[in-house]
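Please read the structure below before turning to the comments.
The values are calculated or read from the model by the stated rules, or taken from the named source; none is laboratory data. Note that the structure is predicted; figures quoted are calculated from it, not measured. Every residue, glycine among them, receives a Cβ derived from its backbone with ideal geometry; neighbour counts consider all protein chains shown. Side chains are part of the model used for accessible areas, which takes the heavy atoms of the whole protein and leaves out ligands, DNA and RNA. Shrake-Rupley method; radii C 1.70, N 1.55, O 1.52, S 1.80 Å.
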Amino acid sequence: MTGESSRVLRLCLHHMSLHRRYPHPGSSLQTTRSFSSLREGKRRGLLWKTLVGITVGLPVAVGVQYAMSDPRDRRKMRIVIEGFGRFCRSLSVGIFISADYWWTTNVALRGLDESSPSYLAEMSACHRRAAECMVEGAVRNGGIYIKLGQGLCSFNHLLPPEYIHTLQILEDKALNRRYKEVDALFQEDFNKNPEQLFKKFDYEPIAAASLAQVHKAQLFNGTSVAVKVQYIDLRDRFDGDIRTLEILLDIIKFMHPSFGFRWVLKDLKGTLAQELDFENEARNSERCAEELKHLKFVVVPKVFWEQTSKRVLTAEFCNGCKINNVEEIQRQGLSLKDTADKLIRTFAEQIFYTGFIHADPHPGNVLVRRGPDNKAELVLLDHGLYEYLSQRDRVALCKLWRSIVLRDEAAMEKYSSALGVKEYFLFCEMLLQRPINMRELGLSNILSREETTYMRKMAIHRFEGIMQVLKSMPRPMLLVFRNINTVRSINITLGAPVDRYFIMAKSAVRGWGKIQAESGGMLPRFWLFRWLRTTWESFKFELALRSEMATMNLTRSFLNLLSYFGLISLDADMYEYLR
């Protein structure tokens, strides 16, 4: 039994040695496959665990970091996330509007006559959809997006009326922030609550703008004040919003190479950033008040510096109605003509003389009230966005405006060139925001249907020329254009009761006279000399204008007389001129 067992054991050992020496062909492959499957399974498990860890762990880590951060760091983290959302929202708005216009013009209206009622109705609906989409996007994004939308409202002679009617909503549209945010901002800037800085403070805002909201309050001495409180996250998100707009403009330029507006945003970025500094706005306000103090009908609210910071501005509370509120102005018994005249003179004084120009005089920033003389008094608000025009450029602009009104084409070319612009006639039409007929001295303040059509076609067909003019002129002129165009729009709202072009030309002549008088040595120190110089320049302008008008009227009368007696025949152009 023992021997049998030993033989079996020796046989098993022999077989095992043979198996090691000559392995089975499939056994190695099978073993390799099993090990590979094992490694692959482990690898899949590791990848799955990593994905689960990232999916679960990252939000948990971010949540823990958010929970442990102070309120300011939490706000910055929210801004980063919300900034991505604003970018996606802005991109989707642009894509929707582009696709809508493409579909409307290439599919829905294909083959239709552009003057047919169905074509006009469909295009009007497309304009309205685009404007509504822009408004919705601007309101949801807030801040600088609302401000840019407000700026478009003054271009009511270039944009389709559907845009203007819809975008006007943005003039009073803003975000109403919670009470806690107001308290948090005061704590960050003053280490105090509003109740500790003011005797009374109304948390319900009386007005809201694109960058801030205004609260009514009372100082401890009983003085009523308006407290402008910036939206708490605006400064933190400004750079991101600007970067978003730059990317969007790059995309638009890639799709439409002639539509290159990125340089405008680049040039205005610093100026817009200054608007977020309320201490800078307060200084601008005081400078404006000093430079316009000779205009007795202009009121600039007094600043209270102890209650003012980079994000809080406290100033004298002033009653009044918006300057475009025609019914309220008339209800106060004030003259629309007097109101419009004072508005134009005020900002013309800044453009042509002081050079320190309010760049955002939209209706919400200019109030009208009854003054001590029972006539219109203007209250100028929101001095955050200003531009300075050098004396050299002001002199050229003064002479250019005078030459346009007098139809002096050689002078128009000369002073446009002094401002760096070669396309002088296009530049002059852009400056006045209306067509210029060199055979007529009169300039109607309200454009006819034909003139409006001309300006809109010019904006489309001469777009590249317009862009070149904008790039050529001095950079401060961009905001000067905005000022001039906004005042033009307000004057039309008031019914255009005064000749804006003539009033501004007189202001230009007076401004040039003052500049010349002040640069003449010792004599300018005498008030009488300055007055005589200014009066003399104004008299020469009035004389030249009336002389040109008289000459033109005499020429018309003489040609009409010759035509009446059959001595000459009038062609179509001459007949139009005589009309």
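Report, in listed order, any pair from Lys322/Lys375; Lys375/Lys506; Lys293/Lys375; Lys269/Lys506 with a Cα-Cα distance greater than 25 Å. Intermediate values should be presented prior to the final figure.
On the way: Lys322/Lys375 16 Å; Lys375/Lys506 22 Å; Lys293/Lys375 17 Å; Lys269/Lys506 34 Å.
Where the Cα-Cα span goes over 25 Å, the pairs concerned are Lys269/Lys506.
Each part reduced to its alpha carbon centroid, the stretch 73-142 and the stretch 492-509 end up 36 Å apart. Backbone amide hydrogens, once placed in the peptide plane, bring Lys200 within less than 5 Å of Gln218, excluding anything fewer than 5 places away on its chain. When the inverse distances between all different Cα atoms of the stretch 420-494 are averaged and flipped, the Kirkwood radius reads 13.3 angstrom. By the Cα gyration tensor, the stretch 90-155 has an equivalent ellipsoid whose semi-axes, rounded to whole angstrom, run 27, 13, 8 from largest to smallest. Taking a sphere under 13 Å around the Cβ of Ala396 and counting the other residues whose Cβ falls inside, with K and R at +1 and D and E at -1, yields a net charge of +3. Figure note: His165, His127 ranked by solvent-accessible area, largest first, 1.4 Å probe, ligands and nucleic acids not counted: His165, His127. Please compute one quarter of the surface area of the Cα convex hull for the stretch 344-390 and express it in square nanometres. Mean projected area of the Cα convex hull: 3.6 nm².
Direction-averaged shadow area of the convex hull around the Cα atoms of the stretch 352-506, nm²?
So the mean shadow area of the Cα hull is 9.9 nm².
Length, then width, then depth: along the principal axes, the Cα atoms of the stretch 207-321 run 59, 34, 25 Å. State, as an integer percentage, the relative contact order of the stretch 366-493 based on alpha-carbon contacts under 8 Å between residues 6 or more apart. Normalised by residue count, the contact order of the stretch 366-493 is 20 percent.
In order along the stretch 366-380, phi translates into HN-Hα couplings of 10, 9, 10, 8, 7, x, x, 8, 6, 10, 5, 10, 9, 10, 9 Hz, rounded to whole numbers, per the Karplus curve 6.51 cos²θ - 1.76 cosθ + 1.60 with θ = phi - 60° and x for Gly and Pro.
3J(HN,Hα) along the stretch 399-412: 5, 5, 4, 4, 5, 5, 5, 7, 6, 8, 5, 4, 5, 4 Hz, from the Karplus curve 6.51 cos²θ - 1.76 cosθ + 1.60 with θ = phi - 60°, whole Hz, x for Gly and Pro. The calculated FRET efficiency for Gln332 paired with Tyr454, based on their beta-carbon distance and R0 = 30 Å, is about 0.20. Under 25 Å of direct C-alpha separation, and excluding same-chain neighbours fewer than eight residues apart, Lys266 reaches these lysines: Lys76, Lys147, Lys253, Lys310, Lys422, Lys471. Among the listed pairs Lys192/Lys228; Lys180/Lys228; Lys192/Lys302, those whose Cα-Cα separation exceeds 18 Å are Lys192/Lys302.
Rounded to the nearest whole Å³, what is the per residue volume of the convex hull around the Cα atoms of the stretch 302-423?
On the way: hull volume 18.3 nm³, N = 122.
Hull volume normalised by residue count: 150 Å³.
Say R0 is 60 Å: what FRET efficiency, to the nearest 0.05, do Trp305 and Ile446 get from their beta-carbon distance? For R0 = 60 Å, the calculated efficiency reads 0.85. Taking Cα centroids, how far is the stretch 422-491 from the stretch 322-337 in Å? Distance between centres, Cα-based: 28 Å.
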